[in-house]
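What follows is a short report on a single structure.
The values are calculated or read from the model by the stated rules, or taken from the named source; none is laboratory data. If you're wondering where the values come from, they're calculated on a predicted model, not measured in any experiment. Here the Cβ is made from the backbone with ideal geometry for all residues, glycine too, and neighbour counts use every protein chain on show.
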Amino acid sequence: MLKDQVLTAILESILQNIVSLGTGGILLLIAQSRQSGLGSLTIGDFALFVYYLSFITGFLDYLGRFMMLCKQTEVSFERLAALCRDTPAQTLVAHHPLYLSYPIVRPPALPPMAQPVWHGGLRLRELTAHDLTYHYPDTHQGISGINITLVKGSLTVITGPIGSGKTTLLRAILGLLPLQAGTISWNGQPVREPISIWSPPRSAYTSQIPQLFSTSLLENILLGLDLDEAALEKAISRAVLEPDLATMAKGLHTLVGTKGVRLSGGQIQRVAAARMFIRQPELLVFDDLSSALDVETEQQLWQRLLAGRAVTNSLTPPTCLPIHSPTLLVVSHRPGILRQADQIVVLKQGQVEAIGCLEDLLQSCTAIQNLWRGYRDTLNRS
């Protein structure tokens, strides 16, 4: 994207300067012709010539912009088609009603959107990833031969150094990256259509940098869902948003700006988390949710989300779960969430270095030992 913007700026600068240089050249030719007596140029001829010059250069400018937009559209279409692998690409450019406000024409009513309902066989009992492999094109970066199992109500934490493949693993599991090898199974059934699985009410995902729309907090959380006051209040509480809303004059009706520019990084992440919670999915996937949160807010968020469950430190489904106890897959290195984890997956250079509960890994895994040693040193210094 940066290269496109640089190229666009260069082209615009060249074309704009061509107009100035062309006009200056005309003036020089006029002065020379008058001095040499080779001819005369009327004011009308001069005005017409300058107009034609600006018209032609303007046309070339528009043509260049059009060609650039065509190439950008082609790349964008290919990327969208890759994301919608199970849907014909032609549907992306099919005619659909536009829900925009016009000065005269009234926009059509938005289609109704209700909370997704459950059908038989959907509820998660076990999620298995077997031999997952994906490498980025022309590089050796990625993941190789990953095997993990998530059971209902469990908390699995993926950790490891920067560049070890944590985000890549999440994106591969969620179908956002095409697997080069391996299979993913939901309740023992292979996932053949990722788009039908990795969306509420089955699962929900919050990335490292969540995307918010230039509208109100409420609309960013609901995203078209019918307003359910009880569910909304619960989602806001789980995301620890009440203190922030209390400081905003318009509360939930506060406009967040483009990509949430009016919010802090931690507020953006918690708004995205509330958007997940209100949909009550079976599987919650967080990519370093607490990276922009202070320690106190992070502790409150995890305490509220994990309330009522007990750490099992095994792959056996936890007992005495609340009525709605989601399964969690989390990328984090924070000690607080590592203590709560039923299993920890340690990645190194795209492969599983170790897997187990915290107590076992503190005895056998060098990476966890170093992480815990650094955490204790930080506490001692403070």
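Of all the residues that make up region 271-292, how many are under 28 Å from V151 (Cα atoms) and touching a helix residue (DSSP H, G or I) at 6+ places or on another chain (Cβ under 7 Å)? Lay out the reasoning, then the answer.
Filtering region 271-292 for residues under 28 Å from V151 (Cα atoms) gives 271-291.
From what is left, the residues that are touching a helix residue (DSSP H, G or I) at 6+ places or on another chain (Cβ under 7 Å) are 271, 273-275, 277-278, 284-285, 287, 289-290.
So the count comes out to 11.
Taking first residues from region 237-263 that are of a type in the set (D, E) and partners that are assigned to a helix (DSSP H, G or I) and at pLDDT 90 or above, the Cβ contacts under 7 Å between residues at least 6 apart in sequence or on separate chains come to E242/I236; D244/Q267.
Would you pick out the residues in region 157-172 that are closer than 14 Å to H135 by Cα and buried (at least 16 other Cβ atoms within 10 Å of the Cβ)? Spell out how you get there, then give the answer.
Just the residues of region 157-172 that are closer than 14 Å to H135 by Cα, to begin with: 163-172.
Matches in region 157-172: S164, G165, K166, T167, T168, L169, L170, R171, A172.
I'd like to check something: does region 230-243 contain any residue that is closer than 29 Å to G374 by Cβ, of a type outside the set (G, A, S) and part of a helix (DSSP H, G or I)? No, there is no match, as no residue in region 230-243 is closer than 29 Å to G374 by Cβ, of a type outside the set (G, A, S) and part of a helix (DSSP H, G or I).
For G58, the conditions (1) at pLDDT 70 or above; (2) exposed (fewer than 11 other Cβ atoms within 10 Å of the Cβ) are fulfilled apart from (2).
On the basis of being assigned to a strand (DSSP E or B) and over 22 Å from Q269 (Cα atoms), does T139 make the cut? Walk me through it before giving the result.
Details: assigned to a strand (DSSP E or B): no; over 22 Å from Q269 (Cα atoms): yes.
It is false that T139 is assigned to a strand (DSSP E or B) and over 22 Å from Q269 (Cα atoms).
Scanning region 170-213 for residues that are part of a strand (DSSP E or B), over 19 Å from P326 (Cα atoms) and not aliphatic (A, V, I, L, M) returns G182, T183, Q189, P190. Assess whether A129 counts as being at pLDDT below 90 and not in a helix (DSSP H, G or I). Taking the combined requirement at face value, the residue does not satisfy it.
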